[in-house]
1. Is the chain rounded, prolate or oblate when judged by the Cα gyration tensor, a ≥ b ≥ c being the square roots of its eigenvalues, rounded requiring a/c under 1.5 and prolate requiring a/b larger than b/c?
2. Cβ neighbours within 10 Å, averaged per peptide: list 80-90, 107-117 in order, most packed at the top.
3. Under a crude label model (7 Å from the Cα following the beta-carbon direction), how far is F13 from I65 in nanometres?
4. Residue by residue, what Karplus-based ³J(HN,Hα) values in Hz, rounded to whole numbers, does region 49-58 have, using 6.51, -1.76 and 1.60 with θ = phi - 60° and x for Gly and Pro?
5. Kindly identify region 78-124 as rounded, prolate or oblate by the Cα gyration tensor criterion: order the square roots of the eigenvalues as a ≥ b ≥ c, call it rounded if a/c is under 1.5, otherwise compare a/b with b/c, prolate if a/b is larger, else oblate.
6. Just need the relative contact order of region 2-137 here, percent rounded to a whole number, with Cα pairs under 8 Å and 6+ apart.
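Only the coordinates and a few stated rules stand behind these numbers; no lab work does. Since we're looking at a predicted model, the values are computed, not measured. Cβ sites come from the backbone with ideal geometry, for glycine too, and all protein chains shown count toward neighbours.
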Amino acid sequence: MYYIKLIMKNTIFKFTDYVYYFSLVVLLILYLFPGSLVGYFLYGNLGQQPNLINNPFGTSINHLIFFSYITTLAIIVRLRIKNIFTNYIVILFLSCVLEILHLIVPNRAFELNDLIANIAGVVLVLLINSFIKWKKHS
């Protein structure tokens, strides 16, 4: 029984690793593609960004959600694999660089709200993770 649990645990971690690295690739493609691929698939329009949740901030909420998601996966993967791709500083740096690259990617535009949402997504998850660790040790 212990052996089965160990195999399941390793399988779940391996799956999480693959999801994380696949998500990083998807992030790079979505950010660096000249236009909105998601908008194209949903609306048939490369120029239209989808709004996942109706809110006063517009599509910046998508950035907050995705960078929260990718940071959460990085925390989980980092439990087993410590490398540059699972480093939080690298994710924070990537969140800034990708948005700044919108200044030169055709049909994309740099938006300060998106940059703030990217950083907030990373920082929010790191703060929650720190709080959980603090509560666990106190």
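1. Prolate, since a/c reaches 1.5 and a/b exceeds b/c.
2. Those peptides, ordered most packed to least, come out 107-117, 80-90.
3. 3.1 nm
4. So the J values, rounded to whole Hz, are 8, x, 10, 5, 9, 5, 7, x, 8, x.
5. oblate
6. 25 percent
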